[in-house]
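One structure is given below, encoded as structure tokens.
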Amino acid sequence: MQFARNSYGTVKRPLCVFWQQKSHDKESWGDAFTFCKILGGYLVEIGTEGEAKYIENQVNMFNDKYWVGASDVLVEGEYIWMTSMTNVSYANWGPGQPDNSGTNENCVEIWTSKEWNDGPCSNTVRYICESDMRLGFSRN
Ligand SMILES: [Ca+2]
Ligand SMILES: [Ca+2]
């Protein structure tokens, strides 16, 4: 596991991002949501473009898509950050997304292009957790 701290002055909360690096660490969106809680955080929420860029920079090494903590599972087409239960205000949707393909796409992933997509929640995908808590994580 790796840890990183945000040095951005623009985010609304202290942001500590951590994620699983190994190839087997892919989960359904629901399991990713749960694992983040078990790990002492929550599936990452992105409130601003600055925050999005910070996370993108931290996870370039993924070279893979990853879940973030937004879903429209409650009301189709209304995306909510599911930990804070706040509306998704900033988003970087890919072309034509979200498209609710197959009427079965309710969970938000970020592609390697940095663009966002709604995907099937049952897909197993990498994921990013973050924590508001000051747990004394060091970078290594
Ligand atoms: Ca949907
Ligand atoms: Ca989609």
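Only the coordinates and a few stated rules stand behind these numbers; no lab work does. If you're wondering where the values come from, they're calculated on a predicted model, not measured in any experiment. Glycine also receives a Cβ, built like all others from the backbone with ideal geometry; neighbour counts cover every protein chain displayed.
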Ascending count of other beta-carbon atoms within 10 Å, so fewest first, for Trp111, Trp29: Trp111, Trp29
Inter-site label distance for Ser122 and Ser89 at 7 Å from Cα along Cβ, in nm: 3.6 nm
Label-point separation, Glu56 to Phe35 (7 Å along Cα→Cβ), nm: 2.5 nm
